[in-house]
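Chemist: For reference, the structure I am asking about is given below.
The values are calculated or read from the model by the stated rules, or taken from the named source; none is laboratory data. If you're wondering where the values come from, they're calculated on a predicted model, not measured in any experiment. Because the Cβ atoms are built from the backbone with ideal geometry, glycine has one as well, and the counts that use them run over all protein chains shown. In case anyone asks, the SASA skips ligands and DNA or RNA and just uses the protein heavy atoms, side chains included. Shrake-Rupley method; radii C 1.70, N 1.55, O 1.52, S 1.80 Å.
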2 protein chains.
Amino acid sequence: MRVAHVAPLAEAVPPKLYGGTERVIWWLTEALVDLGHDVTLFASADSITSARLVPCAPSGLRLAGIGDHTAYMLAMLNKVLQSADRFDIIHFHTDLFQFPIFRHLAHKCVTTLHGRQDLPDFRPIFDAFPEMPLVSISDAQRAPVAHANFVATVHHGLPENLIPFAPGGGDYLAFMGRISPEKRPDRAIEIAKRAGMPLRIAAKVDRVDQRYFEEQIRPLLDHPLIDFIGEISDAEKPAFLGGARALLFPIDWPEPFGLVMIEAMSAGTPVIAWPGGSVPEVIRDGESGTIVTSIDEAVTAVHRASGLSRTGVRRCFEAEFTAARMARDYVALYRRLIAHSRPAPPFDMVVPA
Amino acid sequence: MRVAHVAPLAEAVPPKLYGGTERVIWWLTEALVDLGHDVTLFASADSITSARLVPCAPSGLRLAGIGDHTAYMLAMLNKVLQSADRFDIIHFHTDLFQFPIFRHLAHKCVTTLHGRQDLPDFRPIFDAFPEMPLVSISDAQRAPVAHANFVATVHHGLPENLIPFAPGGGDYLAFMGRISPEKRPDRAIEIAKRAGMPLRIAAKVDRVDQRYFEEQIRPLLDHPLIDFIGEISDAEKPAFLGGARALLFPIDWPEPFGLVMIEAMSAGTPVIAWPGGSVPEVIRDGESGTIVTSIDEAVTAVHRASGLSRTGVRRCFEAEFTAARMARDYVALYRRLIAHSRPAPPFDMVVPA
């Protein structure tokens, strides 16, 4: 199948540093190439891919200091449009920008929504472009815009050997990701202190969260059990996650997916999580982790974590959250879209009131 | 002529508070209606217009707390596209968003660029959509993107009686607008102190400029000659500008237009300005004001300001900067575009490398 993937230009594919969306696009496009498909990737020129790369910016825009990405995005979409005939499916990861430009090709387009949908900002788009097929990354992500034209939920997946199974585990708790109020690092710290188990926090602090970190979190770090190690690289993740007794994911927001949960599961490390957003879809309670709703329950779950089979956790990962599974799901969706495809009717001319 | 105007949705037309672009759109569309044209305005539903209003958001998005305007913008442009056949000209004030959507109608579209063009963020758009006709609001605004498809410069204009001629003037200097580093309120304060003439500062402080204000400007305000009166309403502007000896406009950036200069001129108040961006196109040196390049020159200009005829300043305004003149310029441009219009050729299919 001839498939185009259209990446946001904020980061390269794969990203040099952060960038969950670009990382998923990388894993997905590599897995599609592995399955034998003819994949074209529209992305920044410093991307590295087994697909055919169409460069659409000299480098990832964020690190290049470009604040407003609209111009690059629109120029890229124009490039995609000009070669649209070459593709059976055009798969967008660019939020909304493509909707008005590709309406007439809706039958062969699909857009994965990578972010939260519970803000009012995006509402009008789904009514304005009802024919554009959408993919959610969890069923929970759809809730605020349930009427939109979702054609599938496809959970993210990781390359099977990216974070190898670590059968032994270890004796500390892990917290990984961003320090921000909705990720509730304060809960993680309280759980560790109450459970009497060391906590290692591998997390970055975005500028927008600097004040929260200084005022709410830094005062909690001065404790012998708490080790704030800052941001870690991709290369450090396997040891960090594989050496943990459990990952704490005590979130307090509608998490669209939560990659770190499946990264931990890949290492065989169970996840102790609050049931926001995608969590109940990702964690099998009692198998790959424990879903809790209070600090008390979380402390109990920490004490029982070594009772969960790490092999069983890894088996949940392999069954549901590999990049190969993600790619097969998308291919099945592409085939379904192609089977039902017909060119869109011409626009109705609407007379303003 | 049947003309559509497409406004950004950040503010209503006219804006409830700030909003230079929406204010200009208001003056322009009212003046086009006065000239007998059939004008349709795509804007937020709380807009007030003599044109036919097509509401595209319940109210201005900024005051409604919507941070990302993309979805509303794209839904509006889709509405415009659906009724495109009803218009001889579609005039956009929405930066870039319309370019890929209206390429095939480029022959009857025109976009006024309201902002600065010296940032790298917008560059790729002009190469990607070279057929889209552009209007600059000063010749100087074009400099960083001189190769783009500019078809005219149209200076802004005000309704003739919005800020009435005040023949007497007064005994203070005026500074009006935003407190920000590029507007150089520090220069204005130094000029006033050196000239020994009172300065009244009618300016808002945006959140992004709060620190600059506290650290750089507030310490300069504690002086008997300096009166910081904060933000003023539209209703207060005539008295504020009309009662001034001169307006200080000591900018240090490529000002795209600078509405406050023509607001002062409308009152007959001369402008003492640094020659950044549009300034040499707006001020006739020695007639409607004085262009200076140092504090010394500015102090001299203050002492000589009463030597400039306020009637002469007002005459410059009436000759060049009324809304009626702006509307006539745009109508002439519309006619020129229509005369040369032909449908765009179909896109070339470009094969990615």
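Chemist: Scan the range A:150-175 for residues that are crowded, with 18+ Cβ neighbours inside 10 Å and within 24 Å of residue A:304 (Cα to Cα) and report the count.
Modeler: Residues flagged as crowded, with 18+ Cβ neighbours inside 10 Å and within 24 Å of residue A:304 (Cα to Cα) within the range A:150-175 amount to 8.
Chemist: Residues A:35, A:41, A:28: which one is under 15 Å from the mean Cα position of the chain (by Cα) and modelled with pLDDT of 95 or more?
Modeler: The unique qualifying residue is A:28.
Chemist: Shifting gears a bit: I'd like the full set of residues that are of a type in the set (D, E, K, R), without any contact (Cβ under 8 Å) to a residue 40 or more places away in the chain and more than 23 Å from residue B:24 (Cα to Cα), limited to the range B:114-163.
Modeler: Once the filter is applied, which keeps residues that are of a type in the set (D, E, K, R), without any contact (Cβ under 8 Å) to a residue 40 or more places away in the chain and more than 23 Å from residue B:24 (Cα to Cα), the range B:114-163 yields B:121, B:123, B:127.
Chemist: Can I ask one more? Tell me which of these residue A:143 doesn't satisfy, since it passes every other one: (1) open to solvent by 50 Å² or more (accessible area, probe 1.4 Å); (2) outside the structural domain of residue A:114 (by TED's automatic domain parsing); (3) of a type outside the set (Asp, Glu).
Modeler: Exception for residue A:143: condition (2).
Chemist: Among the residues of the range B:176-203, count how many are open to solvent by less than 40 Å² (accessible area, probe 1.4 Å) and either among the basic types (Lys, Arg) or in contact with an Asp or Glu (Cβ under 8 Å, 6 or more places away or on another chain) (or both).
Modeler: Qualifying residue count, the range B:176-203: 10.
Chemist: Of everything in the range B:20-44 that's touching a residue at least 12 places away in the same chain (Cβ under 8 Å) and among the small types (Gly, Ala, Ser), which residue is nearest to residue B:65 (Cα to Cα)?
Modeler: Out of the qualifying residues, it is B:44.
Chemist: Here's something else I'd like to know. Scan the range A:103-133 for residues that are within 12 Å of chain B (Cβ to nearest Cβ), open to solvent by less than 40 Å² (accessible area, probe 1.4 Å) and more than 23 Å from the chain's Cα centre (by Cα) and report the count.
Modeler: So the count comes out to 4.
Chemist: Right, another one. Could you give me the residue pairs with C-beta distances under 6 Å whose first residue belongs to the range A:221-237 and is closer than 19 Å to residue A:210 by Cα, whose second residue is among the small types (Gly, Ala, Ser) wherever it lies, and which are 6+ apart or on separate chains?
Modeler: Filtered contacts from the range A:221-237: A:229/A:202; A:232/A:202.
Chemist: Return only the number of the condition from (1) surrounded by fewer than 22 Cβ atoms within 10 Å (Cβ to Cβ); (2) out of contact with any Pro (no Cβ under 6 Å at 6 or more places or on another chain); (3) within 12 Å of chain B (Cβ to nearest Cβ); (4) within 24 Å of residue A:19 (Cβ to Cβ) that residue A:81 does not satisfy.
Modeler: Condition (4) is where residue A:81 drops out.
Chemist: Same structure, new question: Tell me which residues, restricted to the range B:49-69, are open to solvent by 50 Å² or more (accessible area, probe 1.4 Å) and over 19 Å from residue B:80 (Cβ atoms).
Modeler: B:50, B:62, B:63, B:64, B:65, B:67, B:68, listed by residue number.
Chemist: So, one more: Identify all residues within the range A:84-101 that are within 7 Å of chain B (Cβ to nearest Cβ), part of a helix (DSSP H, G or I) and in contact with a Phe, Trp or Tyr (Cβ under 9 Å, 6 or more places away or on another chain); write none if there are none.
Modeler: Answer for the range A:84-101, where residues must be within 7 Å of chain B (Cβ to nearest Cβ), part of a helix (DSSP H, G or I) and in contact with a Phe, Trp or Tyr (Cβ under 9 Å, 6 or more places away or on another chain): A:99, A:100.
Chemist: Go through the range B:229-247 and give me each residue that's in a helix (DSSP H, G or I) and open to solvent by 60 Å² or more (accessible area, probe 1.4 Å).
Modeler: B:234, B:235, B:236, B:239 - these are the residues of the range B:229-247 that are in a helix (DSSP H, G or I) and open to solvent by 60 Å² or more (accessible area, probe 1.4 Å).
Chemist: Kindly provide the set of residues from the range B:123-179 that are among the β-branched types (Val, Ile, Thr) and farther than 30 Å from residue B:338 by Cβ, ordered by number.
Modeler: B:163, B:179
Chemist: Follow-up question, since we're still on this one. Can you work out which of the residues in the range B:127-172 that are aliphatic (A, V, I, L, M) and in a loop (DSSP other than H, G, I, E, B) is farthest from residue B:109 (Cα to Cα)?
Modeler: Looking at the filtered set, the residue picked out is B:166.
Chemist: Would you mention how many residues in the range B:287-316 are in contact (Cβ under 8 Å) with a residue 60 or more places away in the chain and in contact with a Ser or Thr (Cβ under 6 Å, 6 or more places away or on another chain)?
Modeler: 0
Chemist: Exactly one of these conditions fails for residue A:46: (1) away from chain B (no Cβ under 12 Å); (2) outside any loop (DSSP other than H, G, I, E, B); (3) open to solvent by 20 Å² or more (accessible area, probe 1.4 Å). Give me its number.
Modeler: For residue A:46, the exception is condition (2).
Chemist: Can you pull out every residue in the range A:85-102 that is in contact (Cβ under 8 Å) with a residue 60 or more places away in the chain and open to solvent by less than 30 Å² (accessible area, probe 1.4 Å)?
Modeler: Correct list: A:87, A:89, A:90, A:91, A:92, A:93, A:94, A:98.
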